[in-house]
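S.K.: Here it is, the structure in full.
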Amino acid sequence: MRRALLHEAPTILISVGEDFKSIVWKAQYDMDFNTECLFCFSERITGYRVEDELGRSGKVAVCPHCEKVNAIYA
């Protein structure tokens, strides 16, 4: 009998409200969200696929105006 091993990819540790440090994380554009920023009420937020130096990855929605993380999404 064979068993399938499921490995979960390690996720990046970023918090909502944190300043987005694009220098620290490798960031690649993902999509635009048509919603207001939670912090400065800018009209749009932008989604990025990010990865840190340890290879952990995730997706975050960032305000291009105040550069704060508004959401973490899948």
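S.K.: So, counting K/R as plus one and D/E as minus one, what does the shell of residues with Cβ under 13 Å around Val69 add up to?
M.R.: Values: positive: Lys21, Lys59, Lys68; negative: Glu18, Asp19, Glu67.
That sum, taken over residues with Cβ under 13 Å, equals 0.
S.K.: Follow-up question, since we're still on this one. What's the local net charge at Cys40, with K and R +1, D and E -1, over the other residues with C-beta under 12 Å away?
M.R.: Overall, the nearby charge balance is -1.
S.K.: Once the piece of chain linking Val16 and Arg44 is laid out straight, how much longer is it, given 0.36 nm per residue of separation minus the C-alpha distance between them?
M.R.: 8.5 nm
S.K.: What ranking of Ile45, Ile14 emerges when the number of other C-beta atoms within 10 Å of each C-beta is taken as an exposure proxy, fewest first? Don't skip to the end; give the middle numbers.
M.R.: Working: Ile45 24, Ile14 20.
Taking fewest neighbouring Cβ atoms as first place, the list is Ile14, Ile45.
S.K.: Please report the relative contact order for the stretch 26-73, taking Cα pairs under 8 Å with a sequence separation of at least 6, and give it as a percent rounded to a whole number. Please list the in-between numbers first.
M.R.: Values: 102 pairs, mean separation 15.0, N = 48.
So the answer I get is 31 percent.
S.K.: With the convex hull built on the Cα atoms of the stretch 26-73, state its orientation-averaged projected area in nm².
M.R.: Result: 3.1 nm².
S.K.: Give me Tyr48, Tyr73, Tyr29 sorted ascending by neighbouring Cβ count inside 10 Å, so fewest comes first.
M.R.: Lowest count first: Tyr29, Tyr73, Tyr48.
S.K.: Work out how much length Lys26 to Ala74 would gain on full extension: take 0.36 nm times their residue separation and subtract the Cα-Cα distance, in nm to one decimal.
M.R.: Here the answer is 15.6 nm.
S.K.: Quick one: order Ser57, Ser22, Ser15 by neighbouring beta-carbon count within 10 Å, fewest to most.
M.R.: Least to most surrounded, the residues fall as Ser15, Ser22, Ser57.
Each reported figure results from applying straightforward, stated rules to the coordinates on display, with no laboratory input. Predicted model only: the values in this text are computed from it and were never measured. Neighbour counts run over all protein chains shown; Cβ positions are idealised from the backbone, glycine included.
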